[in-house]
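The structure under discussion appears below in the form of structure tokens.
The values are calculated or read from the model by the stated rules, or taken from the named source; none is laboratory data. Predicted model, so just to flag it, every value in this text is computed and none were measured. Quick reminder, even Gly has a Cβ in these numbers, built from the backbone with ideal geometry, and neighbours come from all protein chains shown. Quick note on the areas: whole protein, heavy atoms, side chains included, nothing else; ligands and nucleic acids left out. Shrake-Rupley method; radii C 1.70, N 1.55, O 1.52, S 1.80 Å.
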Amino acid sequence: MISKVWLAISALLAMPAFAEMQALDDDTLSSMNGQGGVYLSGEFSINKDGGVLWSKPASNNPSTWTAGQRSCATAGASTAENCGMRVAIRSEADGGWYVLDNLKGVFSFEGLTLRTRTINSGFNGDGAAFNQDVLEFGLPNEVKFKDGSFAFGVANQGGWQNKSLSVANGGNPSYQQTNIFSAKIDGTIRMQGNVLIFPQN
Amino acid sequence: MMRSIGFGFLVSFAACSSAEMQELADEELSTVQGAGFGFVLDSIMLDASGANITINDIERVRSDGIKENMPVKLSEFYLSGSGSNKGANKTPVTLGRLNHPFTVTLGKGEEMRALSDTWELRSKVVREGGANKTVQYWAPSGASQWVQTTPSNVAVLTLAFPERMTSGGSSCISGYAGAGLNCSSDPSGRADLGMRFDFSVGGGRKDILDFDLAQLTMDGSYLRLWGDNSRKQLVGEALINIFAKNLDISACTAPEASANCTSAAALAGTMYLTNAYANISLGYGKSQPLQFDVNSNGQFVLELSNPVNTAGTAAQRNAQAADFYANTPRTNLVFDNMNIGYGRPPANGFANMPGAALNSNGQAVVGGGGMSWGYNFGRNEISGLSFNYLKVTSRDL
């Protein structure tokens, strides 16, 4: 294999006049396929140490917080906790808001791949008739979570306000948020397989 | 290198007359359809047994009246190929086929179709107030049809599972024709799915709820979303089809410190459903879209409003009602066999119900033949249900 590569390179060196890049005509260009792909490993963290909007108060009791403080520990917890990212969406004019709240944690994965793949066989006989290119996301075998969390709720305002404080102190007693549920994830989730994506009419 | 690029530019300038972008004429433009992409989950497997997942914000009340968070631990969460024996032997599975994939599309409301049973108006004579009276009712005619359920002139975002077909499909549940023979998924594309919830209810006790689905397919399910101009909100319609060969739901109580219930408690508290399927239809876009709401008080509201416009004339109301009854996909819930505590029934059902034994007082007791604490409920079915009105709202306790 190596000797063949060297042979090809030396042939190129020996004949520089023929090695110049040439414009491809349309027919040649249309017969070419993209090749190769991307292999991704990474770790990213969201609001691991809290965000910019609120600082962590000393206690978990909302009536003791100042205007710039908020804790996202569950009700009744003894210690306060940093808050994660908040996304609020309103799906109705003059309505309330869906809230994805306290999204934070560290997520790491190794071996997320992205490439194109031609499928023209396999898949219980479907592949031959399909015969086209797909975009293939190869899932990493393992995704690690550390202190991952999020909460799903509904609220009457997009931005969070402290209902235990008076308006004069930077709160809003009429603010209402109901968390439907929240979740915490720690540890490793195994995800294997590929997601094949292709255009569809 | 520079020279060759320059050469490339020259060539492209020389050829530009044929490569120029052309405007589309109106007729050409009108034939362009909204489109999207399809996806197939190839050799997929999911296993969260190595992670600690806790669900919070569900509260319990202590004996002294104080409310506190009740942690719910999610475990034994897996998605595997079928034959996993409740997740013990996980294998990869391919969900969706290349010619019948999952799809995410943006389309015109007037061009979308949903597979619905056909319904016909029948009449029968009933005895009421001492007199005979003819009443009319809608009943399934036994065939299925593609109907338009979404309103016209809206752009609809659709997330759809592999479709169901009017011909050429495979059985939705293997060996059980009652669930339909029109699923596009291959028999090898059925998945096992399970999850277990441990509710720490307090007082040193936890309640365990464990779900295991075997040979699950969800063909024909979809979620469609669009904006409703007059209501000024996001609306949609959803059909959730669940076909499972087996569904085991185990509910039992254990001390907080124990990992599991005792095997006797787990057996006695397990509901075994065989050949189970559900078609849950929420919303009929043309006249009764599903409204996803959060009201201005910050509470969640899910609503299916009256499909008939009460401000219309009698003829308009009748036409709306007739369209609603004739075309709305219905909700069905069918368990071909349901029993609690016996264990999974053999392929042809239980040979015999356990014989009644007599106890020392001469009273008949259930449970002869070693099958104690078991009850066989046989076939259970709710079919052809449609929601005339539904409103679900959250409340802060």
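Overview of values
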read-out: Rg and Dmax of the range A:87-144, Cα atoms only, in Å; value: 20.1, 53
read-out: Estimated FRET transfer efficiency (B:Ala88, B:Ile249; beta-carbon r; R0 22 Å; 0.05); value: 0.75
read-out: Computed label-point distance, nm, for sites A:Thr66 and B:Arg379 using a 7 Å Cα→Cβ extension; value: 7.1
read-out: Cα-projected label distance for B:Asn318 with A:Ala93, points at 7 Å along beta-carbon direction, nm; value: 3.5
read-out: Heavy-atom accessible area ranking, 1.4 Å probe, most first, across A:Cys72, B:Cys172; value: A:Cys72, B:Cys172
read-out: Extension reserve of the B:Thr118-B:Val135 stretch, reckoned as 0.36 nm per residue once the Cα distance is removed; value: 4.1 nm
read-out: Cα Rg, Dmax, the range B:112-173, angstrom units; value: 18.4, 54
read-out: Order of exposure, largest accessible area first, which applies to B:Arg395, B:Arg62, A:Arg86 with probe 1.4 Å; value: B:Arg395, B:Arg62, A:Arg86
read-out: Area hidden from solvent between A and B (accessible, protein heavy atoms only, 1.4 Å, total, Å²); value: 4200
read-out: Distance histogram in 10 Å bins (all Cα pairs of the range B:143-217, percent per bin); value: 15, 29, 24, 19, 11, 3
read-out: Label-to-label distance, nm, for residues given as B:Glu128 and A:Asn169 (7 Å Cα→Cβ offset); value: 6.3
read-out: Solution diffusion estimate, µm²/s, Stokes-Einstein, the range A:71-201, Kirkwood Rh from C-alpha pairs, 37 °C, viscosity 0.692 mPa s; value: 176
read-out: Partner lysines for B:Lys133 [C-alpha distance under 23 Å; skip if fewer than 8 residues away on the same chain]; value: B:Lys124
read-out: Proximal aspartates and glutamates relative to B:Lys90, as straight alpha-carbon distance under 18 Å, when same-chain residues fewer than 8 apart are discounted; value: A:Glu142, B:Asp42, B:Asp47, B:Glu76, B:Asp192, B:Asp210, B:Asp212, B:Asp248
read-out: For chain A: lysine pairs under 21 Å (alpha-carbon distance), excluding those fewer than 8 apart on one chain; value: 14
read-out: Reachable aspartates and glutamates, given that their alpha-carbon falls under 17 Å from the alpha-carbon of B:Lys67 and they are not under 8 places away in the same chain; value: B:Asp57, B:Glu59, B:Asp396
read-out: With all protein chains modelled, accessible area of B:Leu46 [1.4 Å, Å²]; value: 40
read-out: Over the range A:56-101, equivalent-ellipsoid semi-axes from the Cα gyration tensor in Å; value: 26, 11, 10
read-out: Dimensions (Å) - the range B:76-213, Cα atoms, principal axes, largest first; value: 61, 48, 36
read-out: Solvent-accessible area, 1.4 Å probe, carbon plus sulfur percent, for the range B:106-172; value: 50
read-out: Cα centroid separation - the range B:34-103 against the range A:79-143, whole Å; value: 14
read-out: Largest to smallest accessible area among B:Met338, B:Met271 [probe 1.4 Å]; value: B:Met271, B:Met338
read-out: Candidates A:Ala23, A:Ala67, A:Ala168, ranked by Gaussian network fluctuation over chain A, Cα under 10 Å, top entry; value: A:Ala23
read-out: Relative contact order [Cα under 8 Å, 6+ residues apart], the range B:186-249, whole percent; value: 32
read-out: Estimated dipole of the range A:60-119 in Debye, rounded to 20 [Cβ of Lys and Arg +1, of Asp and Glu -1, Cα centre]; value: 260
